[in-house]
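Note sheet for the following structure.
Nothing in this text is a laboratory measurement; each read-out follows from the coordinates by a stated rule. It should be emphasised that the depicted structure is a prediction, and the values quoted were computed from it without experimental measurement. Ideal geometry is used to build each Cβ from the backbone, glycine not excepted, and the neighbour counts take in all protein chains shown.
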Amino acid sequence: MKQVRPPTYIAYMLRLWREDATTWRGTLENPHTGEQHHFATAEALFIFLQTQLTETAVSDAHSPPDTPNTNS
């Protein structure tokens, strides 16, 4: 059975725009799936990114180590 490995990178297209003189809004879009995440504050966007990195790190910690290539 093939192991599913966690991603080694995460890509998002970031869009930021000013709603008014003091308010920024943002959208992150996954270029592979088109999935979008919308944010009303920069803080919410940063929390989302931190969560993504934490989840990836936890997945990495629970993944089996790479199998060494013994065919060299």
| request: Rank-order 16-25, 30-39, 44-53 by packing density, defined as the average count of other C-beta atoms within 10 Å over each peptide's residues, highest first. | output: 44-53, 30-39, 16-25
| said: Need the full-extension length gain, TYR9 to TRP24, defined as separation in residues times 0.36 nm minus the C-alpha distance. One decimal, nm. | reply: 2.8 nm
| request: Extending each Cα 7 Å along its Cβ direction at LEU16 and ALA44, get the distance between those two points in nm, one decimal. | output: 1.7 nm
| task | Starting from the Kirkwood radius over alpha-carbon pairs of the range 13-62, derive D by Stokes-Einstein at 4 °C in a medium of 1.567 mPa s and give it in µm² s⁻¹. | result | 108 µm²/s
